[in-house]
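Some notes on the structure that comes next.
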Amino acid sequence: MSDTAHSRPTPAQSLPVYKAEWLTVTDGANLDDPLSFGDELILDDVYELGFGAAQVRLSFHAETANTFRLAEDTEAGTAGAGLHLDCALTFMSPDGQTTDALVMVEVDSTGDINDIYVLPLAGISSKVPYQLVGVDRAGAVQKFAQVACVSFTRGTHITMASGEQRLIEQLCVGDKVLTRDDGPKAVRWIGQSTVRAVGDFAPICIKAGTLNNDNDLIVSPDHRLFIYQRSDELGAGRAELLVKVRHLLNGETVTVQDGGFVDYLQLLFDSHQIIYAEGIAAESMLIDTRTKPVLPTDLSEALGDVIPGHSDLPHAGMDVQETLLNRPDAAELLRRASTR
(Lines give C-alpha, C1' and ligand atoms only; values in the text may rest on other atoms or scores of the structure.)
Protein backbone atom coordinates (compact mmCIF):
# COMPACT_ATOMS: atom_id res chain seq x y z
CA MET A 1 0.00 0.00 0.00
CA SER A 2 1.60 3.25 -1.08
CA ASP A 3 1.43 6.78 0.33
CA THR A 4 0.25 7.89 -3.10
CA ALA A 5 -3.07 6.21 -2.50
CA HIS A 6 -3.51 8.29 0.65
CA SER A 7 -2.34 11.64 -0.68
CA ARG A 8 -3.92 11.76 -4.11
CA PRO A 9 -7.13 13.81 -3.98
CA THR A 10 -10.38 12.27 -5.12
CA PRO A 11 -11.80 13.67 -8.37
CA ALA A 12 -14.60 16.21 -8.13
CA GLN A 13 -18.15 14.91 -8.57
CA SER A 14 -21.13 16.96 -9.68
CA LEU A 15 -24.85 16.72 -8.97
CA PRO A 16 -27.85 18.71 -10.23
CA VAL A 17 -29.64 20.02 -7.13
CA TYR A 18 -32.34 22.48 -6.15
CA LYS A 19 -31.80 25.05 -3.45
CA ALA A 20 -34.07 24.07 -0.57
CA GLU A 21 -35.62 27.55 -0.52
CA TRP A 22 -37.32 26.70 -3.83
CA LEU A 23 -39.41 24.00 -2.09
CA THR A 24 -41.89 25.52 0.35
CA VAL A 25 -44.73 24.18 2.50
CA THR A 26 -48.13 25.02 1.02
CA ASP A 27 -50.15 23.00 3.53
CA GLY A 28 -49.20 21.76 6.97
CA ALA A 29 -47.54 22.69 10.25
CA ASN A 30 -44.59 24.53 8.67
CA LEU A 31 -46.79 26.58 6.32
CA ASP A 32 -44.78 28.91 4.04
CA ASP A 33 -41.44 27.62 5.37
CA PRO A 34 -38.81 26.34 2.94
CA LEU A 35 -37.60 22.76 3.14
CA SER A 36 -34.93 22.36 5.82
CA PHE A 37 -32.72 19.68 7.38
CA GLY A 38 -34.21 16.56 8.91
CA ASP A 39 -34.66 17.70 12.51
CA GLU A 40 -36.91 20.56 11.42
CA LEU A 41 -39.15 18.58 9.07
CA ILE A 42 -42.66 17.43 9.96
CA LEU A 43 -44.33 14.48 8.29
CA ASP A 44 -47.45 15.16 6.19
CA ASP A 45 -46.38 18.72 5.34
CA VAL A 46 -47.06 19.37 1.67
CA TYR A 47 -44.32 20.97 -0.45
CA GLU A 48 -44.38 22.59 -3.87
CA LEU A 49 -41.49 23.49 -6.14
CA GLY A 50 -41.65 27.15 -7.12
CA PHE A 51 -42.49 28.00 -10.74
CA GLY A 52 -39.32 28.56 -12.76
CA ALA A 53 -37.02 26.87 -10.22
CA ALA A 54 -33.97 25.46 -11.95
CA GLN A 55 -31.40 22.93 -10.85
CA VAL A 56 -27.86 24.13 -10.21
CA ARG A 57 -24.62 22.15 -10.30
CA LEU A 58 -23.11 21.25 -6.95
CA SER A 59 -19.50 20.12 -7.42
CA PHE A 60 -17.63 18.53 -4.53
CA HIS A 61 -14.83 16.25 -3.35
CA ALA A 62 -15.79 13.31 -1.14
CA GLU A 63 -13.92 13.13 2.16
CA THR A 64 -15.94 10.39 3.87
CA ALA A 65 -19.15 8.56 3.00
CA ASN A 66 -21.27 11.54 4.07
CA THR A 67 -18.93 14.54 4.34
CA PHE A 68 -17.66 16.53 1.38
CA ARG A 69 -15.83 19.70 0.39
CA LEU A 70 -17.18 21.99 -2.32
CA ALA A 71 -14.91 22.10 -5.38
CA GLU A 72 -13.53 25.15 -7.15
CA ASP A 73 -15.84 24.72 -10.15
CA THR A 74 -19.08 24.43 -8.16
CA GLU A 75 -21.97 26.50 -9.49
CA ALA A 76 -23.85 26.48 -6.19
CA GLY A 77 -22.34 27.21 -2.80
CA THR A 78 -18.89 28.47 -1.81
CA ALA A 79 -15.77 26.63 -2.96
CA GLY A 80 -13.97 25.09 0.00
CA ALA A 81 -17.03 25.02 2.24
CA GLY A 82 -18.02 21.84 4.02
CA LEU A 83 -20.97 19.79 2.86
CA HIS A 84 -22.70 16.88 4.56
CA LEU A 85 -25.44 14.46 3.71
CA ASP A 86 -28.27 15.05 6.19
CA CYS A 87 -31.13 12.68 5.35
CA ALA A 88 -33.20 10.94 2.71
CA LEU A 89 -36.79 12.05 2.16
CA THR A 90 -39.79 10.34 0.61
CA PHE A 91 -42.56 12.43 -0.95
CA MET A 92 -45.92 11.27 -2.29
CA SER A 93 -47.59 13.04 -5.20
CA PRO A 94 -51.39 13.18 -5.73
CA ASP A 95 -51.29 10.15 -8.08
CA GLY A 96 -49.84 7.99 -5.30
CA GLN A 97 -46.31 7.83 -6.74
CA THR A 98 -43.42 8.21 -4.30
CA THR A 99 -40.32 10.25 -5.00
CA ASP A 100 -37.08 10.01 -3.01
CA ALA A 101 -34.79 12.97 -2.43
CA LEU A 102 -31.58 13.61 -0.50
CA VAL A 103 -30.91 16.67 1.64
CA MET A 104 -27.36 18.10 1.67
CA VAL A 105 -26.28 20.88 4.02
CA GLU A 106 -23.46 23.36 3.33
CA VAL A 107 -21.69 24.70 6.44
CA ASP A 108 -19.04 27.35 7.06
CA SER A 109 -15.79 26.95 9.00
CA THR A 110 -17.62 27.32 12.34
CA GLY A 111 -20.27 24.73 11.47
CA ASP A 112 -23.07 27.20 10.84
CA ILE A 113 -25.42 26.48 7.94
CA ASN A 114 -24.71 28.39 4.72
CA ASP A 115 -27.30 26.72 2.53
CA ILE A 116 -29.39 23.59 2.08
CA TYR A 117 -29.78 21.63 -1.17
CA VAL A 118 -32.20 18.96 -2.36
CA LEU A 119 -31.23 16.19 -4.77
CA PRO A 120 -34.39 14.55 -6.18
CA LEU A 121 -33.81 10.96 -7.26
CA ALA A 122 -36.69 11.30 -9.73
CA GLY A 123 -38.06 14.26 -11.63
CA ILE A 124 -40.23 16.74 -9.72
CA SER A 125 -42.44 19.44 -11.24
CA SER A 126 -43.44 22.91 -10.13
CA LYS A 127 -46.92 23.55 -8.76
CA VAL A 128 -47.42 19.85 -7.91
CA PRO A 129 -48.12 19.11 -4.21
CA TYR A 130 -45.67 16.61 -2.69
CA GLN A 131 -46.58 15.26 0.74
CA LEU A 132 -43.63 14.41 2.99
CA VAL A 133 -44.19 10.81 4.10
CA GLY A 134 -40.72 9.73 5.20
CA VAL A 135 -37.51 11.09 6.75
CA ASP A 136 -34.62 8.59 6.88
CA ARG A 137 -31.24 9.47 8.36
CA ALA A 138 -29.79 5.97 8.65
CA GLY A 139 -30.36 4.99 5.01
CA ALA A 140 -29.26 8.22 3.36
CA VAL A 141 -25.61 7.24 2.93
CA GLN A 142 -26.42 3.94 1.21
CA LYS A 143 -28.98 5.58 -1.08
CA PHE A 144 -26.45 8.26 -2.03
CA ALA A 145 -23.88 5.53 -2.72
CA GLN A 146 -26.28 3.62 -4.97
CA VAL A 147 -26.66 6.67 -7.23
CA ALA A 148 -22.88 6.72 -7.77
CA CYS A 149 -22.46 3.00 -8.51
CA VAL A 150 -21.88 2.07 -12.14
CA SER A 151 -24.19 -0.82 -12.93
CA PHE A 152 -25.10 -3.20 -15.71
CA THR A 153 -28.65 -4.44 -16.17
CA ARG A 154 -30.01 -7.96 -16.06
CA GLY A 155 -29.61 -9.63 -19.45
CA THR A 156 -26.23 -8.07 -20.28
CA HIS A 157 -23.67 -10.44 -21.82
CA ILE A 158 -20.20 -10.26 -20.24
CA THR A 159 -17.10 -11.59 -22.02
CA MET A 160 -15.48 -14.30 -19.91
CA ALA A 161 -11.77 -15.20 -19.91
CA SER A 162 -12.59 -18.13 -22.19
CA GLY A 163 -14.34 -15.87 -24.71
CA GLU A 164 -17.79 -17.13 -23.69
CA GLN A 165 -20.56 -14.53 -23.66
CA ARG A 166 -22.31 -15.11 -20.32
CA LEU A 167 -25.36 -13.34 -18.91
CA ILE A 168 -24.34 -11.17 -15.98
CA GLU A 169 -26.98 -12.69 -13.69
CA GLN A 170 -25.32 -16.10 -14.23
CA LEU A 171 -21.93 -14.94 -12.97
CA CYS A 172 -20.59 -16.13 -9.63
CA VAL A 173 -17.90 -14.80 -7.33
CA GLY A 174 -14.57 -16.30 -8.47
CA ASP A 175 -15.54 -16.52 -12.15
CA LYS A 176 -12.83 -15.16 -14.41
CA VAL A 177 -13.75 -12.29 -16.71
CA LEU A 178 -11.64 -10.91 -19.54
CA THR A 179 -10.23 -7.48 -18.69
CA ARG A 180 -8.59 -5.11 -21.15
CA ASP A 181 -5.53 -4.31 -19.06
CA ASP A 182 -4.87 -7.39 -16.92
CA GLY A 183 -6.25 -10.36 -18.83
CA PRO A 184 -8.40 -12.89 -16.89
CA LYS A 185 -9.47 -11.58 -13.48
CA ALA A 186 -11.74 -13.14 -10.86
CA VAL A 187 -14.92 -11.42 -9.76
CA ARG A 188 -14.60 -10.38 -6.11
CA TRP A 189 -18.23 -9.39 -5.41
CA ILE A 190 -21.52 -9.04 -7.27
CA GLY A 191 -24.05 -6.48 -6.11
CA GLN A 192 -27.69 -6.43 -7.11
CA SER A 193 -30.60 -4.07 -6.51
CA THR A 194 -34.01 -3.40 -8.01
CA VAL A 195 -34.99 0.27 -8.19
CA ARG A 196 -37.58 2.45 -9.90
CA ALA A 197 -36.25 3.43 -13.32
CA VAL A 198 -36.71 7.16 -12.84
CA GLY A 199 -34.45 10.20 -12.55
CA ASP A 200 -30.83 9.32 -11.83
CA PHE A 201 -31.81 5.65 -11.58
CA ALA A 202 -33.26 5.44 -15.10
CA PRO A 203 -30.92 3.32 -17.28
CA ILE A 204 -29.59 4.34 -20.67
CA CYS A 205 -29.79 2.09 -23.71
CA ILE A 206 -27.11 2.07 -26.40
CA LYS A 207 -28.81 0.44 -29.34
CA ALA A 208 -27.15 -2.42 -31.23
CA GLY A 209 -24.59 -1.15 -33.75
CA THR A 210 -24.21 2.30 -32.18
CA LEU A 211 -20.71 1.54 -30.90
CA ASN A 212 -20.18 -1.62 -32.96
CA ASN A 213 -22.13 -3.64 -30.38
CA ASP A 214 -24.12 -6.68 -31.55
CA ASN A 215 -26.88 -6.25 -28.95
CA ASP A 216 -28.36 -3.36 -27.01
CA LEU A 217 -26.28 -2.38 -23.99
CA ILE A 218 -28.29 -0.99 -21.06
CA VAL A 219 -26.37 0.54 -18.16
CA SER A 220 -26.64 3.12 -15.38
CA PRO A 221 -26.36 6.74 -16.62
CA ASP A 222 -22.94 7.53 -15.14
CA HIS A 223 -21.36 4.32 -16.43
CA ARG A 224 -18.15 5.09 -18.32
CA LEU A 225 -17.25 3.39 -21.60
CA PHE A 226 -13.68 2.95 -22.77
CA ILE A 227 -13.03 4.09 -26.34
CA TYR A 228 -9.75 3.66 -28.18
CA GLN A 229 -9.57 6.22 -30.97
CA ARG A 230 -7.64 5.07 -34.02
CA SER A 231 -8.23 8.58 -35.33
CA ASP A 232 -9.00 11.56 -33.11
CA GLU A 233 -12.47 12.25 -34.45
CA LEU A 234 -13.55 13.92 -31.23
CA GLY A 235 -10.61 16.29 -30.87
CA ALA A 236 -9.72 15.03 -27.39
CA GLY A 237 -6.00 15.06 -28.12
CA ARG A 238 -5.44 11.45 -27.03
CA ALA A 239 -6.35 7.94 -28.11
CA GLU A 240 -7.70 6.41 -24.88
CA LEU A 241 -10.96 7.86 -23.60
CA LEU A 242 -13.51 7.24 -20.87
CA VAL A 243 -16.95 8.54 -21.78
CA LYS A 244 -20.01 8.76 -19.54
CA VAL A 245 -23.03 7.19 -21.21
CA ARG A 246 -25.29 10.10 -20.22
CA HIS A 247 -23.12 12.42 -22.34
CA LEU A 248 -23.93 10.39 -25.47
CA LEU A 249 -27.71 10.78 -25.28
CA ASN A 250 -29.16 11.71 -28.65
CA GLY A 251 -32.78 10.54 -28.47
CA GLU A 252 -32.28 7.98 -31.24
CA THR A 253 -29.46 5.49 -30.78
CA VAL A 254 -28.67 6.39 -27.14
CA THR A 255 -31.83 6.85 -25.09
CA VAL A 256 -33.12 6.91 -21.52
CA GLN A 257 -35.37 4.00 -20.54
CA ASP A 258 -37.60 5.79 -18.07
CA GLY A 259 -40.41 4.05 -16.19
CA GLY A 260 -41.09 0.82 -14.35
CA PHE A 261 -38.32 -0.95 -12.45
CA VAL A 262 -34.79 -1.99 -13.37
CA ASP A 263 -32.52 -4.74 -12.02
CA TYR A 264 -29.00 -3.34 -11.59
CA LEU A 265 -25.90 -5.48 -11.04
CA GLN A 266 -22.42 -4.32 -10.06
CA LEU A 267 -19.21 -6.27 -10.70
CA LEU A 268 -16.31 -5.69 -8.33
CA PHE A 269 -12.73 -6.82 -8.93
CA ASP A 270 -9.65 -6.40 -6.75
CA SER A 271 -8.80 -3.42 -8.95
CA HIS A 272 -10.85 -1.13 -11.16
CA GLN A 273 -11.08 -2.82 -14.56
CA ILE A 274 -12.24 -2.28 -18.11
CA ILE A 275 -14.30 -5.32 -19.12
CA TYR A 276 -16.46 -6.15 -22.14
CA ALA A 277 -20.26 -5.96 -22.05
CA GLU A 278 -22.12 -6.73 -25.29
CA GLY A 279 -18.72 -6.25 -26.92
CA ILE A 280 -18.31 -2.69 -25.61
CA ALA A 281 -15.40 -1.92 -23.29
CA ALA A 282 -16.94 -0.61 -20.05
CA GLU A 283 -15.72 0.01 -16.53
CA SER A 284 -16.32 -2.22 -13.54
CA MET A 285 -17.33 -0.88 -10.13
CA LEU A 286 -14.92 1.63 -8.61
CA ILE A 287 -14.78 1.73 -4.81
CA ASP A 288 -14.29 5.16 -3.28
CA THR A 289 -15.50 6.98 -0.18
CA ARG A 290 -18.93 7.50 -1.77
CA THR A 291 -19.61 4.02 -3.18
CA LYS A 292 -18.09 1.91 -0.40
CA PRO A 293 -21.26 1.92 1.78
CA VAL A 294 -23.06 -0.36 -0.71
CA LEU A 295 -20.68 -3.21 0.13
CA PRO A 296 -21.63 -5.81 2.76
CA THR A 297 -20.15 -4.88 6.13
CA ASP A 298 -17.81 -7.87 6.32
CA LEU A 299 -16.37 -7.20 2.85
CA SER A 300 -16.05 -3.48 3.52
CA GLU A 301 -14.12 -4.13 6.72
CA ALA A 302 -11.91 -6.73 5.05
CA LEU A 303 -10.96 -4.34 2.26
CA GLY A 304 -10.00 -1.55 4.67
CA ASP A 305 -10.02 2.19 4.03
CA VAL A 306 -7.54 2.25 1.14
CA ILE A 307 -7.89 -0.36 -1.61
CA PRO A 308 -4.92 -0.57 -3.99
CA GLY A 309 -6.23 -0.67 -7.52
CA HIS A 310 -9.19 1.50 -6.53
CA SER A 311 -7.76 4.23 -4.29
CA ASP A 312 -4.87 5.06 -6.64
CA LEU A 313 -7.37 6.43 -9.21
CA PRO A 314 -6.85 3.89 -11.99
CA HIS A 315 -7.55 5.19 -15.50
CA ALA A 316 -7.14 8.77 -14.26
CA GLY A 317 -6.91 11.38 -16.99
CA MET A 318 -8.97 9.47 -19.56
CA ASP A 319 -12.31 11.19 -18.89
CA VAL A 320 -13.66 13.27 -21.77
CA GLN A 321 -14.99 16.74 -21.02
CA GLU A 322 -18.73 17.00 -21.50
CA THR A 323 -18.27 19.99 -23.81
CA LEU A 324 -16.56 17.79 -26.42
CA LEU A 325 -19.55 15.43 -26.37
CA ASN A 326 -22.26 18.09 -26.51
CA ARG A 327 -23.29 17.24 -30.07
CA PRO A 328 -25.93 14.86 -31.48
CA ASP A 329 -23.39 12.86 -33.51
CA ALA A 330 -20.98 12.18 -30.61
CA ALA A 331 -21.73 8.45 -30.53
CA GLU A 332 -21.27 8.15 -34.28
CA LEU A 333 -17.97 10.03 -34.11
CA LEU A 334 -16.72 7.62 -31.45
CA ARG A 335 -17.87 4.62 -33.47
CA ARG A 336 -15.90 5.86 -36.48
CA ALA A 337 -12.91 6.78 -34.36
CA SER A 338 -12.68 3.24 -32.96
CA THR A 339 -12.79 1.54 -36.36
CA ARG A 340 -10.71 3.75 -38.66
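The values are calculated or read from the model by the stated rules, or taken from the named source; none is laboratory data. As the structure is a prediction and not an experimental result, all values here were calculated from the model. As a convention, Cβ positions derive from the backbone with ideal geometry for all residues, glycine included, and neighbour counts pool all protein chains shown. Calculation scope for accessible area: heavy atoms of the full protein, side chains included, ligands and nucleic acids excluded. Shrake-Rupley method; radii C 1.70, N 1.55, O 1.52, S 1.80 Å.
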(message) I need the calculated FRET efficiency for the pair residue 108 and residue 138, taking r as the beta carbon distance and R₀ as 35 Å, to the nearest 0.05.
(response) 0.85
(request) Return a whole-number percent for the relative contact order of the stretch 1-141, with Cα pairs under 8 Å and 6 or more residues apart as the contact set. (result) 25
(message) Defining a contact as two alpha carbons under 8 Å apart and six or more residues distant in sequence, what relative contact order in percent does the stretch 197-278 show?
(response) 36
(message) Using the crude model of +1 on Lys and Arg Cβ and -1 on Asp and Glu Cβ, and no other charge, please compute the dipole size for the chain relative to its Cα centre, in debye to 20.
(response) 1380
(message) Quick check: at a probe of 1.4 Å, how many percent of the accessible area of the stretch 6-73 sits on carbon and sulfur atoms?
(response) 50
(request) Provide the gained length on full extension for the span residue 165 to residue 61, in nm with one decimal, where the gain is 0.36 nm per separating residue minus the Cα-Cα distance. (result) 33.7 nm
(request) Could you tell me the number of lysine pairs in the chain with C-alpha atoms less than 29 Å from each other, where the two lysines are 8 or more residues apart or belong to different chains? (result) 18
(message) Can you tell me how the stretch 126-267 classifies by the Cα gyration tensor, rounded, prolate or oblate, using a/c under 1.5 as the rounded cut?
(response) oblate
(message) To test your reading of the geometry: what angle, between 0 and 90 degrees and rounded to tens, separates the Cα axis of helix 330-339 from the longest principal axis of the chain?
(response) 20
(message) Accessible area per residue for the chain in Å², computed with a 1.4 Å probe and the full protein assembly in place, what is it?
(response) 45
(request) Calculate the length of the line joining the C-alpha centroid of the stretch 283-299 to that of the stretch 198-267, in whole Å. (result) 22
(message) Could you tell me what a quarter of the Cα convex hull surface of the stretch 197-340 works out to, in nm² with one decimal place?
(response) 9.0
(request) Just need the relative contact order of the chain here, percent rounded to a whole number, with Cα pairs under 8 Å and 6+ apart. (result) 16
(request) Return the single residue from 112, 263, 95 with maximal mean-square fluctuation; model: Gaussian network over the chain, springs between Cα atoms under 10 Å. (result) 95
(request) Find which of 303, 204, 187 sits farthest along the positive direction of the dipole of the chain, computed with +1 on the beta-carbon of Lys and Arg, -1 on that of Asp and Glu, about the Cα centre. (result) 187
(message) Step by step: find N for the stretch 1-124, compute 2.2 N^0.38 Å, then divide the Cα radius of gyration by it. What's the final number?
(response) 1.17
(message) In whole percent, and with a 1.4 Å probe on the protein chains, what portion of the accessible area of the stretch 121-198 is carbon and sulfur?
(response) 47
(request) Set the Förster distance to 35 Å, then compute FRET efficiency between residue 190 and residue 72 from the Cβ-Cβ distance, nearest 0.05. (result) 0.40
